[in-house]
Amino acid sequence: MINLLSYTCIVLGIFFWFWGTLPLLGDRSVLFKLHSLSVADTLGSMSIIIGLLLKIPSEWPLLILAIISLAIWNTVLGYVLAYCSSSEGSHE
Amino acid sequence: MILNLALIAMILTLLIPMYEAWQDDDIWQKMLAFASAATKCSIMILVVSVLRDDWMIGVVGVIILSVGNAGLMLLAHVLKRMNDLANE
């Protein structure tokens, strides 16, 4: 039962990865791609890690650390990339 | 067996940002693709560490996840500063 749940989480995560990464190939703006990446990609990665956590509970400190750094860094990096890539002078 | 298949699917998703970084000349699109590839690689390392039941590989993945993203953030600031200096 737990095994099935963890495989479901991992497969869902890979589905979210494809969903978030495929817009990278289009001709859209950086902000559009950043949005799809930071939402779907982060959710997919977290789902994969939760699947791994269910599979091997003995490694939980490491995996919880991975989830926390994913949640913090991907939001911060999203803001920084959006700020740096937009035209200069408009933020003063 | 299923984790092996999952790893193959992950390698397929990893090819997408690599292709994007290769064919796009805009520096911010490249940064975006590299940020995506870094996250995907570290998650793949975590999957391998669980697959092989090896803690030390997992530690490498978590270090890439935190320090690698911090490095990308610093790189974005350096690039912005260089652009500002070039436009002055």
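Computed from the coordinates by the stated procedures, all read-outs in this text should not be read as laboratory data. Just so you know, these numbers come straight off a predicted model, no measurement behind them. Glycine also receives a Cβ, built like all others from the backbone with ideal geometry; neighbour counts cover every protein chain displayed.
Observations, loosely collected:
- Taking the C-alpha atoms only, the angle from helix A:42-55 to the longest principal axis of chain A is near 10 degrees.
- The alpha carbons of chain A stretch over 54, 28, 12 Å along the principal axes, in descending order.
- Considering every alpha-carbon pair of segment B:10-61, the percent of pairs per 5 Å bin, from zero through the bin containing the longest distance, is 5, 22, 24, 16, 14, 10, 7, 2, 0.
- For segment B:64-76, backbone phi angles converted through the Karplus equation (6.51, -1.76, 1.60; θ = phi - 60°) give residue-by-residue couplings of 4, 4, 8, 6, x, 5, 4, x, 4, 5, 4, 4, 4 Hz, Gly and Pro being listed as x.
- Calculated from the alpha-carbon coordinates, the protein assembly as shown shows an Rg and a Dmax of 16.8, 62 Å respectively.
- D (Stokes-Einstein, µm²/s), Kirkwood Cα radius, segment A:32-74, 0.890 mPa s at 25 °C: 227
- Based on alpha carbons, the Rg and Dmax found for segment B:24-88 are 15.4, 54 Å.
- Farthest positive-ward along chain B dipole, Cα basis, beta-carbon charges - from B:ILE8, B:TRP28, B:LEU74: B:ILE8
- Helical mean residue ellipticity (222 nm; -39500 (n - 2.57) per DSSP H run of 4+; nearest 500) of chain A: -24500 deg cm²/dmol
- Sequence-distant lysines (8 or more away, or on other chains) whose Cα lies within less than 23 Å of A:LYS55: B:LYS40
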